[in-house]
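The values are calculated or read from the model by the stated rules, or taken from the named source; none is laboratory data. In this text, all values refer to a predicted model and were calculated from it rather than measured experimentally. Using ideal geometry, Cβ is built from the backbone for each residue, glycine included, and neighbour counts are taken over all protein chains shown.
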Amino acid sequence: MFLGEKVLDRLVREAEHFDNVMVSASRTHSLLERFAAGFYEKGEGGRLWAPIWAATDFSGTRVLDYGCGNGLFSCVLARRGAYVSGVDISPESIRKACALGASLGMNGHLHFSVCDAHHTPFEDSSFDYVVGNGALHHLDLDRAYAEIARVLRPGGRAFFMEPMYHHPLLWLLRRLTPKDHTADERPLSFADIHKARKWFRTCSHREHFLLSVFAAPVHVLGKSAALTVIGGLDRIDQLMMRMVPPLRRFAWLTMLELKK
């Protein structure tokens, strides 16, 4: 696959940024992560991934963690019995992912490698599932969707948690903290999401966190309290978005489900 100069430059910038985050994250980055933890929670108490865990048996399946970062989510999948291949453009991220897998004694279920997500080394139809957390909005979407479809087996599914484009607080935070984001990332719009229909039989998505994002300070009370409060407020957000569907475009996060 030929990659143009713009895409190659983008890959270099992304790798450098995330290598720096892994080695020495800024105080602002660490603070943002702390106050967003409940929104991005990937366990059974999280609002986005909990329905996936309840409806999907990953035991014995082959899963690609697309943009795996430090490998924490890959380990979550491995604990559920999946055989996970994690890829990331950041060598430092992969180093930490390998160390984590080894420390947990899960190397039999985990394999990590540095590679460009637009062009992975896997054969066609290699995976039952492809998953990602905040990966797509860093990529050239047309190339990424095509690659995900290529490595998925027929009938396979992909799940992606991604930030949305239009939430006003998201825009404010990005303007105030430019060094904590890459120059090329772009949160998804509905038009970006619907591009996936070219490569997948079905493309569904559900949005979360409209007004509930303003409850971020509740994290000072601890994780349990944050998940309880945020979960309750998101249920209200869900009701509002069902009653007034155009509000969905102003949500903070979306969960995509793509089926080949």
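Could you look through segment 183-207, keep only residues that are of a type in the set (Lys, Arg) and not in a strand (DSSP E or B), and pick out the one that is surrounded by the most Cβ atoms within 10 Å (Cβ to Cβ)?
Taking the candidates together, the pick is LYS195.
Would you say LEU64 is outside any loop (DSSP other than H, G, I, E, B), touching a Gly at 6+ places or on another chain (Cβ under 9 Å) and among the aliphatic types (A, V, I, L, M)?
Numbers: outside any loop (DSSP other than H, G, I, E, B): yes; touching a Gly at 6+ places or on another chain (Cβ under 9 Å): yes; among the aliphatic types (A, V, I, L, M): yes.
Spelling it out, LEU64 is indeed outside any loop (DSSP other than H, G, I, E, B), touching a Gly at 6+ places or on another chain (Cβ under 9 Å) and among the aliphatic types (A, V, I, L, M).
If we only count strands (runs of 3 or more DSSP E) wholly inside segment 74-182, which ones have 1 or more residues that are free of Cβ contacts under 8 Å to residues at least 60 places away in the same chain?
Values: elements: 83-88, 110-114, 127-133, 152-163.
Per the criteria, 83-88, 110-114.
Kindly evaluate MET241 against the criterion of being within 17 Å of GLY45 (Cβ to Cβ) and in contact (Cβ under 8 Å) with a residue 12 or more places away in the chain. Working first, answer last.
Values: within 17 Å of GLY45 (Cβ to Cβ): no; in contact (Cβ under 8 Å) with a residue 12 or more places away in the chain: yes.
No; evaluated as a whole, the condition is false for this residue.
With GLY71, GLY67, GLY86 as the choices, which residue is in contact with a His (Cβ under 8 Å, 6 or more places away or on another chain), at positive phi and surrounded by 15 or more Cβ atoms within 10 Å (Cβ to Cβ)? Before the answer, list the steps.
On the way: GLY71 fails: in contact with a His (Cβ under 8 Å, 6 or more places away or on another chain); GLY86 fails: at positive phi.
After applying the criteria, what remains is GLY67.
Out of LEU188, LEU172, I need the residue that is in contact with a Pro (Cβ under 9 Å, 6 or more places away or on another chain), under 22 Å from MET240 (Cβ atoms) and of a type in the set (A, V, I, L, M, F, W, C). Which one? Break it down into steps so the answer makes sense when it comes.
Numbers: LEU172 fails: in contact with a Pro (Cβ under 9 Å, 6 or more places away or on another chain).
Just a single option satisfies the conditions, and that option is LEU188.
Of the numbered conditions (1) modelled with pLDDT under 90; (2) under 23 Å from GLY46 (Cα atoms); (3) out of contact with any helix residue (DSSP H, G or I) (no Cβ under 9 Å at 6 or more places or on another chain); (4) of a type in the set (A, V, I, L, M, F, W, C), LEU169 satisfies every one except a single condition; which is it?
Just one mismatch for LEU169, condition (3).
Please pick out the residue among ALA99, ALA117, ALA135 that is hydrophobic (A, V, I, L, M, F, W, C) and surrounded by fewer than 21 Cβ atoms within 10 Å (Cβ to Cβ).
On inspection, the qualifying residue turns out to be ALA99.
So ARG235 ticks every box in (1) without any contact (Cβ under 8 Å) to a residue 40 or more places away in the chain; (2) in contact with a strand residue (DSSP E or B) (Cβ under 7 Å, 6 or more places away or on another chain) but one. Which box is left unticked?
(2)
Being more than 18 Å from the chain's Cα centre (by Cα), hydroxyl-bearing (Ser, Thr, Tyr) and modelled with pLDDT of 90 or more is true for just one of SER59, SER26. Which residue is that?
Values: SER26 fails: modelled with pLDDT of 90 or more.
The unique qualifying residue is SER59.
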